[in-house]
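K.L.:
Starting off with a structure, shown below.
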Amino acid sequence: MTTPAGRCAFGAAFIYFFLLLATCPLASLALGYEQIRAAEFTSQSSAIPPLTARWREVALPDQWSKDRRWEAGLEGWYRIRLADEQPNKLQAAYIQRVSTNVRAYFNEQYLGSGGRFDEPVARNMHRPLLFSLPTTGWRAEGNYLYLHLRVYPGYAHLAALRIGDRDAVLPAYERQHFIQVVLSQVFYTVVLITALFSALFFAFIERRASNLFFTLAAHGWSIYCLNLFIRDIPMPAKDWWTLIHANLEWTGVFFVLFVHRLVNVRRPWLEGLLIVAATAATVTYALTPLVELNATVRGFHLGLLCVVGYLSLWLLWLYARTRNPDALVVGACLVVVGLLGVNDFVRQAAPIDSPNWQTPFYLLQFGAPLMFVILASHITSRYVLARRRAVEAEARQALARQEERERILQDLHDDVGAKLLTLVYRTEGTESQSLARTALRDIREIVAGQTAQAASLNEVLPPLFADAAKRCAEAGVQWRESLGAVDDLRVSGEFAYQFGKILRELVSNTLRHASAGQVSVALDLQQDALVLSYADDGVGLAPDWEPGMGISGIRRRAQSLAGDVRMTTAAGLSYHVTFGRWGVPSP
């Protein structure tokens, strides 16, 4: 478990067991309140409690789908009998779950509501409600809590209530609100930040297809997270649920595409099948009536769980066969997500009066964001590790090249230089001796230039300019030089070498081809770049002139120092050589 992949896999398993422990229901209930399991119901849509209505007894939790009660109307009233005497302590009613909104009254006194009653109705199936009962208005007998329920077809229930001392009820409400609302908002923020980070990572750092699909999957899950805590939706409920659940199907598709590319596997037939399935789900959600949408969604989500199971088992098998760390990390995360998804699916599909349905916590909303964080961390560390290895490999190659260069230079100096020196002594007074001396000097310059250390320009320039002036004087060409405020600039050994070679080639071109009488050289610092201006008053360029090896070599040497060469023809020929990198590199 010392590798990043092992630590991520261990972290995924730890998160799963932590969530199970942190969100398990309390073993015992606090004293001071009563769990309400029975109420009276009437199908009325009045704005105030219907005191003269015909009431019938129902058990709580009450789900309207048993008798399709919404066909008689989308509103109804519940009545719960309270104590005949005013209690000693402030009372409160805690509603654990309701679909989709409720108004509360104590006798005929309005207590509050879960939000908007008009379309789109406020959604409270993922948030608890707490209504404090007033200390005044209690009757000697006949005290009632009235709950006015507003529902959608297919989405209608009222969970069991807890009524009693407010101090006893409040902790349960606060715990439920923290887990279902506050934590949902926190994890939404976490996954949104992860999605934005992955988008920036893809756009500016590593443009890989796996990173793109991971970004799309993370953004898709962040959209789904909104459904867990947004109460007042910005569109009709049917459109909202269609959007949210279709988005979840596409999130699964993007995640499969991400996984396949992360582990370098291509399965076009499977990916195409999943795209077709997600498209079919989107169209089906849009065409399905609201009353049937919940069951339809459940069927497609079961298929999504099967996809998660396939990925989990396949990735773990792939790791066992190839020891691919990416397969281990993603596979371990998906095992956790799959278990959490099964837990949530069982609770959602369970009957309303079963213990599974009564337990109010859905764990996938916490586990999936953490999975995206773990995977984003793994992708980032994977990239950093690859870059580190690339830098280390490049450093090793550079060191090897440097060692090989030094060996060649040493051989060049010791072997070829010695032979040229012998040739100088044997051909004294001949043209061959002059050629041998020139070759020997060039070898020494190459060796000295390749091994030169950093120095200031007032040390580098004098010998270079002196050699150029001497060559011009021997050819009868006048030499003029001008320097800006560059004497104290410190330059690298590479710059000194390349600069000397460029200056030598420029002088050679003038002496060979220009028929010039004067050469002017200036070196100045302009906008953080050194600029060499070289001009002669010769014949300039012929109409059919094409650059040869000399000019190409000058341009190549300038480009090695982040520079370039510009030529102009007026009275003669001018060169402007710019060096963007000339100083000693920072440590």
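The values are calculated or read from the model by the stated rules, or taken from the named source; none is laboratory data. Just so we're clear, the structure is a prediction, and the values are computed from it rather than from any experiment. Virtual Cβ from ideal backbone geometry, glycine too; neighbours counted across all protein chains shown. Note: areas computed on protein heavy atoms with side chains; ligands, DNA, RNA excluded. Shrake-Rupley method; radii C 1.70, N 1.55, O 1.52, S 1.80 Å.
K.L.:
Quick one: would you say Phe213 is in contact with a Lys or Arg (Cβ under 8 Å, 6 or more places away or on another chain) and closer than 21 Å to Val276 by Cβ? It would help to see each step written out before you state the result.
P.N.:
Values: in contact with a Lys or Arg (Cβ under 8 Å, 6 or more places away or on another chain): yes; closer than 21 Å to Val276 by Cβ: yes.
Spelling it out, Phe213 is indeed in contact with a Lys or Arg (Cβ under 8 Å, 6 or more places away or on another chain) and closer than 21 Å to Val276 by Cβ.
K.L.:
Then there is this: Going through the stretch 220-251 one residue at a time, which ones are over 20 Å from Glu119 (Cα atoms) and acidic (Asp, Glu)?
P.N.:
Listed by number, the list holds a single entry, Glu249.
K.L.:
While we're looking at this one, here's another question. Please enumerate the residues belonging to the stretch 361-403 that are of a type outside the set (A, V, I, L, M, F, W, C) and in contact (Cβ under 8 Å) with a residue 12 or more places away in the chain. Let's see the steps before the verdict.
P.N.:
Here is the first cut: in the stretch 361-403, the ones of a type outside the set (A, V, I, L, M, F, W, C) are 362, 365, 367, 369, 377-378, 380-383, 387-389, 392, 394, 396-397, 401-403.
Within the stretch 361-403, Tyr362, Gln365, Gly367, Pro369, Ser377, His378, Thr380, Ser381, Arg382, Tyr383 qualify.
K.L.:
Now a separate question. Residues that are under 30 Å from Met371 (Cβ atoms) and out of contact with any strand residue (DSSP E or B) (no Cβ under 7 Å at 6 or more places or on another chain): does the stretch 130-151 have at least one?
P.N.:
Going residue by residue through the stretch 130-151, those that are under 30 Å from Met371 (Cβ atoms) are none.
No, every residue in the stretch 130-151 fails to be under 30 Å from Met371 (Cβ atoms) and out of contact with any strand residue (DSSP E or B) (no Cβ under 7 Å at 6 or more places or on another chain).
K.L.:
Within the stretch 107-128, take every residue that is of a type in the set (D, E, K, R) and in contact (Cβ under 8 Å) with a residue 12 or more places away in the chain and give me the one that is nearest to Leu74 (Cα to Cα). Break it down into steps so the answer makes sense when it comes.
P.N.:
The first filter runs over the stretch 107-128 and keeps only residues of a type in the set (D, E, K, R), leaving 108, 116, 118-119, 123, 127.
Of the ones still in play, those that are also in contact (Cβ under 8 Å) with a residue 12 or more places away in the chain are 108, 116, 119, 123, 127.
Working: Glu108: 22, Arg116: 14, Glu119: 12, Arg123: 14, Arg127: 21 Å.
The extreme case among them is Glu119.
K.L.:
What are the residues in the stretch 244-283 that are within 22 Å of Gly341 (Cα to Cα), buried (at least 19 other Cβ atoms within 10 Å of the Cβ) and of a type in the set (A, V, I, L, M), if any?
P.N.:
Result: Ile244, Ala246, Leu248, Val253, Val256, Leu257, Val259, Leu274, Ala278, Ala281.
K.L.:
Out of curiosity, is Ala529 within 22 Å of Ala469 (Cβ to Cβ), hydrophobic (A, V, I, L, M, F, W, C) and open to solvent by 10 Å² or more (accessible area, probe 1.4 Å)? Steps first, answer last, please.
P.N.:
Values: within 22 Å of Ala469 (Cβ to Cβ): no; hydrophobic (A, V, I, L, M, F, W, C): yes; open to solvent by 10 Å² or more (accessible area, probe 1.4 Å): yes.
It is false that Ala529 is within 22 Å of Ala469 (Cβ to Cβ), hydrophobic (A, V, I, L, M, F, W, C) and open to solvent by 10 Å² or more (accessible area, probe 1.4 Å).
K.L.:
Inside the stretch 193-207, can you point out the residues that are among the hydrophobic types (A, V, I, L, M, F, W, C) and open to solvent by 50 Å² or more (accessible area, probe 1.4 Å)? Reasoning before the result, please.
P.N.:
Residues of the stretch 193-207 among the hydrophobic types (A, V, I, L, M, F, W, C): 193, 195-197, 199-205.
Answer for the stretch 193-207, where residues must be among the hydrophobic types (A, V, I, L, M, F, W, C) and open to solvent by 50 Å² or more (accessible area, probe 1.4 Å): Ile193, Leu196, Phe197, Leu200, Phe204, Ile205.
K.L.:
Residue by residue through the stretch 41-57, note down the ones that are in contact with an Asp or Glu (Cβ under 7 Å, 6 or more places away or on another chain) and of a type in the set (A, V, I, L, M).
P.N.:
Ile48
K.L.:
Out of curiosity, is Leu511 open to solvent by less than 10 Å² (accessible area, probe 1.4 Å) and either within 20 Å of Gly553 (Cβ to Cβ) or modelled with pLDDT under 85 (or both)? I'd like the intermediate steps shown before the answer.
P.N.:
On the way: open to solvent by less than 10 Å² (accessible area, probe 1.4 Å): no; either within 20 Å of Gly553 (Cβ to Cβ) or modelled with pLDDT under 85 (or both): yes.
No: the conditions fail for Leu511.
K.L.:
Six or more apart or on different chains, Cβ under 6 Å: which pairs go from a residue in the stretch 262-282 that's farther than 20 Å from Gly299 by Cα to one that's part of a loop (DSSP other than H, G, I, E, B)? Could you list them?
P.N.:
Val263/Asn324
K.L.:
Within the stretch 54-64, restricting attention to residues that are over 22 Å from Phe117 (Cβ atoms) and over 50 Å from the mean Cα position of the chain (by Cα), which residue is least open to solvent (accessible area, probe 1.4 Å)? Let's see the steps before the verdict.
P.N.:
First, the residues of the stretch 54-64 that are over 22 Å from Phe117 (Cβ atoms): 54, 56-57, 59.
Going one step further and asking which of them are over 50 Å from the mean Cα position of the chain (by Cα), we end up with 54, 56-57.
On the way: Arg54: 213, Arg56: 108, Glu57: 158 Å².
Per the stated criteria, the residue is Arg56.
K.L.:
Let me ask you something else. Tell me, please, whether a residue that is open to solvent by 10 Å² or more (accessible area, probe 1.4 Å), touching a Cys at 6+ places or on another chain (Cβ under 9 Å) and of a type outside the set (Gly, Ala, Ser) can be found in the stretch 473-496.
P.N.:
Restricting attention to the stretch 473-496, the residues satisfying the condition of being open to solvent by 10 Å² or more (accessible area, probe 1.4 Å) are 473-485, 487-490, 492, 494, 496.
Now restrict to residues that are touching a Cys at 6+ places or on another chain (Cβ under 9 Å): 478-479.
Restricting the remaining residues to those that are of a type outside the set (Gly, Ala, Ser) gives 478-479.
Scanning the stretch 473-496 turns up at least one residue that is open to solvent by 10 Å² or more (accessible area, probe 1.4 Å), touching a Cys at 6+ places or on another chain (Cβ under 9 Å) and of a type outside the set (Gly, Ala, Ser).
K.L.:
Sticking with this one: Does the stretch 41-57 contain at least one residue that is of a type outside the set (A, V, I, L, M) and closer than 30 Å to Ile179 by Cβ? Explain how you work it out, then say what you get.
P.N.:
Taking the stretch 41-57 and keeping what is of a type outside the set (A, V, I, L, M), we get 41-46, 49-50, 52, 54-57.
Next, from what is left, pick out any that are closer than 30 Å to Ile179 by Cβ: 41.
Yes, some residue in the stretch 41-57 is of a type outside the set (A, V, I, L, M) and closer than 30 Å to Ile179 by Cβ.
K.L.:
Next up: Where residues in the stretch 306-325 are of a type outside the set (Ser, Thr, Tyr) and open to solvent by 40 Å² or more (accessible area, probe 1.4 Å), which of them is nearest to the chain's Cα centre (by Cα)?
P.N.:
Pass one, the stretch 306-325, residues of a type outside the set (Ser, Thr, Tyr): 306-309, 311, 313-318, 320-321, 323-325.
From the residues that got through so far, the ones that are open to solvent by 40 Å² or more (accessible area, probe 1.4 Å) too are 306, 313, 316-317, 320-321, 323, 325.
Values: Cys306: 27, Leu313: 26, Leu316: 25, Trp317: 28, Ala320: 29, Arg321: 30, Arg323: 26, Pro325: 20 Å.
That would be Pro325.
K.L.:
Still on this structure, I have one more. If you check Val169 against the conditions, is it crowded, with 19+ Cβ neighbours inside 10 Å, at pLDDT below 95 and β-branched (Val, Ile, Thr)? I'd like the intermediate steps shown before the answer.
P.N.:
On the way: crowded, with 19+ Cβ neighbours inside 10 Å: yes; at pLDDT below 95: yes; β-branched (Val, Ile, Thr): yes.
Considered against the rule, which asks whether it is crowded, with 19+ Cβ neighbours inside 10 Å, at pLDDT below 95 and β-branched (Val, Ile, Thr), Val169 comes out as yes.
K.L.:
Filter the stretch 553-566 for residues that are open to solvent by 50 Å² or more (accessible area, probe 1.4 Å) and not in a loop (DSSP other than H, G, I, E, B) and give the result.
P.N.:
At the first step, the residues of the stretch 553-566 found to be open to solvent by 50 Å² or more (accessible area, probe 1.4 Å) are 555-557, 559, 562, 564, 566.
Across the stretch 553-566, the qualifying residues are Arg555, Arg556, Arg557, Gln559, Asp564, Arg566.
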